[in-house]
Structure formats: structure tokens, C-alpha cells
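The numbers here are math on the coordinates, done by the rules we state, and not lab data. Since this is a predicted model, take the numbers as computed values, not measurements. Cβ coordinates were reconstructed from backbone atoms using ideal geometry, including for glycine residues, and neighbour counts include every protein chain displayed.
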């Protein structure tokens, strides 16, 4: 507002003076919702321009891609929100979950398999959680070491064999059943994500995780039992990974220790693309769900276009950087 | 700040003394290295909670020969899992004390393990190259140390072969060729569009099989065209999704065949077909392995042909060939190829090609 | 000599013991020293081959440690660089693709520096968290390595030079080990004697204070990432030379080993604490442990369990961690005792 004459200028005070300029409001909104918008845009454009993308079979493929990783990422979101970077041991847990499902249920039945998996998840959650929460050790190294131990134990106990499920079992039916374009595993993912989101936003535990993640010292002063928060976060991550392993085993009807490779960073990528901050404190499991779906769509598009593995990796890496850059730049604009 | 310096220096000095002390102690102990190594077998076994196999190999049995086996896989892969027991059994039978490593296809790790092996001065080194292009320095170091090297499963490059005493194993390029020949026979000259699912990207076996298959297709039956290719990473689930997406991309009506670099992946592709209500029996499908997963598919007609790879043959022969070299080597390079037996519905039931992994 | 003034704030006790105790609990490298001592002792007793045939062990330490040294520069400032694994692969592939050996090495190193600049750009200019930025780069560069190499190993043009590079140069030391030692000395001097390097600690310890103190924080971050990228590229070039071929899949195991080495060495991931020396000790511990296990011929799965267990114990036995646990126990016990005593009204 340029006044031609300073003395005469009675500065016209509009009531938007104290608010951010409209453009910043828009970009701020975009920063928070960016991933939704981008996903929507990509889906619409792909449906129009990419042959076969919108077909029922392809949608099923996208969801089949998303389901195992998504369940793992949903659980791991708790660890990320608690400002503990990531849980590398999901690699061991997913493999163990798949082997337990296929291997144990073949000989002892499904119920025993579920019980065994639950016990193992609790152990992982406890070991990781105590080391990080009570001993305040670094989560990256702790989970790295538990991955070594976990995979070593799995291969030692199973001899490294590949397990095969039979046809026509309940597991097999779960792995192949579809409602329209939605595989049962995807429905399971959505339900689990909703459940975990509920825990995160509406329970004291979820609130404790978030407050611990954003400011551990303040959380402790406020009476949050930090050890319990961290153990809980890692336990959720472990259960998520075990369930992810179940879904993977059901889908493939086989189980072998090598099938989970890369799940740690892929899950983390999904969480990050979804918008959860790696610093901890904020985040949402539903965002992770969206992140996983988006990454799956992207990979699906690349395969449909015939791009090789190298280009796929470049695209995912580029996506992660771009997604977070947009978010960071938009935040800067609103400041 | 000034107070810090002397303390820091003293700390560093103490640490250096500790390391030097360790080295001196070790040097004094080096005379007993031989007996220590056999004793340590028992001690380290007791710390490994019931690992009976290692105990048999190291402490209890004073093997005639000490052999290092540098492998890129083990119990982390189904093939390696069934390769190891026959290998260890044969070694025990022939009086060979085995030290096994697993570099998980990391060439740098295997090179470091090779240095470790050469330093241990064994009687022989069995090498299964993680990446065939990178093993020459290892071979030369072994040669300089006077340690013979035999190769198993994946052969070294032609120019490095004279540094090795023997090779036993499948011919991974030849397996791709065999699978392609099956494809050629079964398509009988008709125009066939196929989708291709390869192994782990950058993995030597995957590269060799892909090359073998593609070269043969181009030479012997150009009527077969590869419409799309993706890596399945030896995983059934990834292969299923990749296959399904390739079918979407290319169009189901354009596809008359499928090739996958191993049975686990082809099973995934077949599942993909079934999920889309396509009958696998209508397509020409070939792969490699004749595994527990693949053989039944051949019997049921869904898989049209595969190539038998016997992990037990591989593991056993690694040892028998090594033993040959140990007990009378120095002659020509011994080469024992595992026969690439084609398995189709005709011979799938035969006990000769009973699946092993 | 113990006047009251000196005794204030310190428990009474013999001074050397006190000094030792304070030394162990204060210095971040102390845990690495203890671990190294334990591992070395174990190796001497069980597998003396680790030390008698020390060149293999040193080779393994150099493999783990070189990348870790570069990483230390970045972690000291409170940032992370996950992309080192892929930087290693890409630089190797680039080097092998160029026929001239010195030209290839030069280009590889330049590529490493450029990657460092890119990483720093995202962290400093765009403002992304370095964990995410370098994670994205990790994927991106891995893909790039595959694309450049056409998904298969690339042989270098001069194979004999490569093999000669792998042979000992001075005494039993191969060029890799010598380079590793040289990098260690340079990094150590840089972070302890050179002003720019010492400012890394300030940037990591308290960034706002560093800004206020007039340290050009952004420039330091660029320097740190460039160092990390340069060293990783150097490691890639060394690996490629020694292997006589560049493998686009290489580097994945080295990533986590380097982090483990640095963290065992006492470095704090949030920055400001730790040292290059600690990283060296951490790498040495890991290397001796791995080589010792290989010599022991124990089943590979059990080896991995042992490595995992040792890492686990090492990381939870940080003096700060142990203190934290004792605190919790003490508080728990004390609160229980208070619950039992009746509360007298005030």
C-alpha cells in the first residue's frame, strides 16, 4: 500500500492485515493435503492416458502391491512418530510371519500359527522397545541388531527352507479372494489402518506417542511413561510386520526368509511420502496408507510403461525427494 | 582446554598400547595357531548353542584337508539351503574340514572373505563367485599363496579359467538356452508373443539365464517375440504382480507364452494368469529349476517345460571335484557340467528328475 | 593436596581411579575401546589367526571403516547420509565406464562430490530433513547405477592395474589400507585441529548457538556432505579397482555396517558428540568380530546371531544408557518405598 503523501495517509487497515496473505494460505493447505491432491491427479491422468490402468485387474494389482507393505508401514508409523527413525527389524518379522503362517499352520493349524506369531511379535516389541525406551539406545542400531538376530534365528530354525502352502486352505482363500477389484488383503489393510489411526488419535497411548515424539522431555514431565510409549510403538510395529508377513504368505502361498528383503526402506518411503514427519510428533496412519497406495500406483505405472528396475528406483527416489521438497518449500512460503 | 590435552594424549597412548599389546600377544600365540584353530572349533561351538554340525566339522573330526568354501548364498535362499547338507555330508565322508562363508551376493564382502581364506592357508578354496567379473584378484591371490581354487555353480569368466583347477555345476547360460529350446519346440514355428520374468537385477545367474534364453530365441526361433520383461527377484509374489501388470500393458490377447527364470517365479506368473481367468494350459510356459513348486505344475500341465537343476548334485560335486584336485590335481582343468535335463509332461514323473528344492 | 576447594563436587576417592572412571564415562569412544578390547581378547583366545594373518582383518576393517569415516563428518553435524551406499556403486560404475584409469578415478570422485553437493542442497536450501533427502538419493542413485551399467557388472579397461592395486604396496599394507589410514589421519586432524572441522561439533551440538557464534553453518553442512560423498566415491573407486569390475548392486551391506561402526564408536546421531577416532575403533571392533567369526567356521546363521547380539549389547551398554537404566530402577524403588510409608499431614 503506497501512500503518496505520508502525512495524509491514514493507513487503511483492512481486517486481513494480521492474517497471512491468501496465497500463503493456499500453499499451506496444499502442503498438508499435497499428497492427496497429487495422488488424485495422477490417478485421473493415468486412467485417461495409460491403457489398462483403470481396468479392474490392474486396480487389483495395485492393491496387491500395496497390501503387505502397507500393513507393515502402518505399524511402523508408530515408531516413526515416536521420533525413533525407523524399525529395521520388520524385515526379519515379515519373513518370520510368513514362515510361521505357512510352515506352522501346515503342521499345527492356523490357530497355533497365529498364537506363535503373536508371541514372537510381543518379543520383538519388547526387546526393541526396552533397548530403545529404557536403555535409550539408538533405534537404528538396535533394530539392525535384532534383524541380524531375528533372521539368523529364523534361518537356523527353519533351515532356510521354502515352505509351500496347499491349495484350497483357508489361508489360500484369503490370499486370492477379491471383492470386485479389492483383494481381501487390501480390505484388511484399510481396516487395520483405521484401527491404528483410532489408536493414534483417540487413545491416551496414541497421544502419548505423539507427545513423546515431538518433545520427549516435556512428555516425561507431563507424566508420560516414556518406556511404555516406546515399547508400545515397537510392539505395534512388530504386530504390523507380522500381519504383513501373514498377508504376504497368504498371497504367495509360499514362505521363505528372503521374501521380505527391502521391506524396511520401502515401508519407510511410504510413510514419508504420506507426509508423516521423520522428526516425529506428527503423523497419521491414514497418511501412510495413502503413501503406500501412491507408491504402488507409481510402480504399477512404471511397469505398465515397460520401465526397467533402474528407472523404477530412480523414480521412487526422485518422488521421495520431490514430495518432501514441495512440502518443505510450501511450509517456508507460509512462514 | 589446556587440561584436556594431556588427558587426551594419555587416552590415545593407552589405546595404542592396548592394540600393540594385543598384536604382541597374538604374535606370541601364532606358533600355536594350528592347534588353537582346532581347539577353537569346540569352544566356539559351545557358544553356538547346540550347533552340532559345526562341531563335527571342526573339533571332533580332525579332517585330512582344510577347505574354505566361499559361497554367495546359504540358508537365506531355498537353493542354498538344499545345496549345503549334501556338500557337508560329502565333505565329512571324504575327510574334508569345511569352513563356509556366505557373502549374500556382495562382491566386496566375498573379496574380503577371500582375503581371509587365503590368510588361513587352507589346502583348497572352493569358490562360487558372487559376481564372476570381480573374482580375478581373488584367484590371483590364491595362486600366489599356492592354494588351488575350484569353482562351483557359477563358472568364472573364460579368461580367468586357467587360474582355477576345476569347475562343477550347472551351466546357467545353458539353462537359459535349454528353456528357450523347449519354448522353440513347443511353439513350433508359430508367431508367439511372450512375457519374460527375470531374476534379481544385476545378479549373475539372472544375467546369464536371460542372455542364454534371449540369444537362443533370436537364433533358433525368431517367431517368438519378447513383448515385455520385468524382474521377479526370485520371488513368487513379486513375479505374480509383475506378470499381471505386463499382461495389462501388453494385452492378454497378444500373449501366447510366458518364460520365467525360475520355477518359483513362474508359479507366480501362473497364479497371475489364473487370477485373470486365463488358462495356463493355453499358453506355452517354460522356466528353470524343476523345484517342489515347479514339478507338480509340469505334471498338471500348467507349466509346459522346465530344466532340472539338482542342488544336491551341485553341492556334492563341489566336494568330489575338490577332492580330486587335492589328491592328484595339477593336470588339466576338470570340468563337470550338471546336465541340463529338460523336464516336460513326458518325464516329469521320472524319479531321475525328482525335485530337490 | 586435596584442599576443600578441590573436593567440592567430587566424591572422595583415590584420584587415579576417579580420573579413570570419569574418563570412561565421559569420553564417547570409551565404549568402543571396551568393545574392541573384548573382541580382541576373544579373538586372541579363540581365533588368533585374526591377528597373525592381520592383513585380511585390516582389509575388512578398511572396507567397513572408509565409508564410516566420511559418514562421521556428516553425523557430527547432526545430519545423516544414507546415500553413501549408492554413491559407492554409481562412482564405481562411472569409473569403469571410462577407459582412462586416472580419468575414471577423477570423474568418479567428482561425481561423489556432486552428490554431496546435491544432498546438502536439499538439506540446506530446500530445507528437507537429511534422513529423507539421502534416503531418496539412495534409491535414485541405485537406479542410476543400474541404468548406466545396463544392470550388469562393468569391467575396467586396465585389469592388470586393478589387480596390482589389490596387492600389498608397503610391507603388508595394500593401497586400500594405506588410503584408509591416510583418510583417518586427515579426518582426525580436520575434526580436531582445523577450525572448520571443529566447527562441525558446534553445528551438531547446538545449531542456533552456532549461527549466533557466527559460524557459517550452511557452508559447513555443504562441506560435510561433500566430504561424505567424496569418501564414498573414493571407496567405490577402490572397490572397483580391486575387483577389476564395477558391480551396480554393491554397497548395500556396507551402509549399515558403517553406521554401526560409527555409532559403536560413540557418535550421537543428533550430532555434537563423537569422533573420527571412535569410528575407527568401532570399525576395528566390527572387522575383528566378523573375520574372527569367519575363521571360526561356525554356521553362518549363528555368526549373524552373534554379530547381532554383540551389536545389541554394545549399543545398550553406552554409559549414558546404563545410567538411564539405573535412574529408572532407583526411581522405581524409591517410589515404592514412599508408597509404603504413611503420609504425614503437612
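Given a Förster radius of 25 Å and the C-beta distance between residue A:45 and residue A:331 as r, what FRET efficiency does 1/(1 + (r/R0)^6) yield to the nearest 0.05? Write out the running numbers ahead of the final one.
Values: r = 26 Å, r/R0 = 1.05.
Once rounded, the FRET efficiency stands at 0.45.
Where the alpha-carbon atoms of the stretch C:190-248 are placed on the principal axes, they occupy 49, 23, 15 Å, in descending order.
Normalised radius of gyration for the stretch A:211-263, please: alpha carbon Rg relative to 2.2 N^0.38 Å, two decimal places.
1.67
Placing dummy labels 7 Å off each Cα toward the beta-carbon, the span from residue B:223 to residue B:274 is 3.0 nm. Quarter the surface of the alpha carbon convex hull of the stretch C:57-274 and you get the mean projected area, 11.3 square nanometres.
Looking at the protein assembly as shown, what % of its DSSP beta bridges pair antiparallel, to the nearest 5? For the protein assembly as shown, the DSSP antiparallel bridge percentage is about 20.
Start at zero, step by 5 Å, and the Cα-Cα distances of the stretch A:159-310 spread as 2, 8, 13, 18, 18, 15, 11, 8, 5, 2, 0, 0 percent across the bins. Counting Cβ atoms of other protein chains within 10 Å of each Cβ in B:229-237 and taking the mean gives 6. Relative to its Kirkwood radius, the Cα radius of gyration of the stretch B:245-316 gives an Rg/Rh of 1.03.
Its Cα gyration tensor gives the stretch B:173-307 an equivalent ellipsoid; the semi-axes, largest first and in whole Å, are 18, 17, 15. Over all projection directions, the Cα-based convex hull of chain A averages an area of 22.4 nm². The relative contact order of the stretch B:173-307 comes to 28 percent, based on Cα pairs under 8 Å that sit 6 or more residues apart. Cβ-Cβ distance of residue A:112 and residue A:173, R₀ of 25 Å, FRET efficiency by 1/(1 + (r/R0)^6): the value works out to about 0.85.
Exposure proxy shown here: for C:338, C:295, the number of other Cβ atoms within 10 Å sets the order, fewest to most, as C:338, C:295. Take every Cα pair under 8 Å whose residues are at least 6 apart in sequence, average their separation, divide by the length of the stretch C:57-274, and the relative contact order is 45 percent.
Summary of the geometry: the stretch C:47-62 and the stretch C:175-244, compared by the centres of their Cα atoms, lie 27 Å apart.
In degrees between 0 and 90, to the nearest 10, how far off the longest principal axis of chain A does helix A:139-158 point, with axes built from Cα atoms? The answer is roughly 20 degrees. The peptide list B:291-299, B:222-230, C:128-136, put in order of mean Cβ contacts within 10 Å with the highest first, becomes C:128-136, B:291-299, B:222-230. Averaging Cα coordinates gives a centre for the stretch A:250-307 and one for the stretch B:338-353; these two points are 40 Å apart.
How long are the semi-axes of the equivalent ellipsoid of the protein assembly as shown, taking √(5λ) for every eigenvalue λ of the Cα gyration tensor, in whole Å from largest down?
Semi-axes from the Cα gyration tensor: 45, 39, 29 Å.
Compared with the dominant principal axis of the Cα atoms in chain C, helix C:217-243 is inclined by about 50°. Mean per-residue shielding of peptide A:249-255 is 5, counting Cβ atoms of other chains within 10 Å of each Cβ. Taken residue by residue and averaged, Cβ atoms of other chains lying within 10 Å of the Cβ of C:237-243 number 4.
Computed on the stretch A:33-334, with alpha-carbon pairs under 8 angstrom and 6+ residues apart, the relative contact order is 36 percent. Between the beta carbons of residue C:161 and residue C:186, assuming R0 = 30 Å, the FRET efficiency works out to 0.75 to the nearest 0.05. Computed packing ranks the peptides A:213-225, C:280-292, C:49-61 as C:280-292, C:49-61, A:213-225, most packed first, by mean other Cβ atoms within 10 Å.
Summary of packing: across the peptides C:230-242, C:298-310, the per-residue average of other C-beta atoms within 10 Å ranks them, highest first, as C:230-242, C:298-310.
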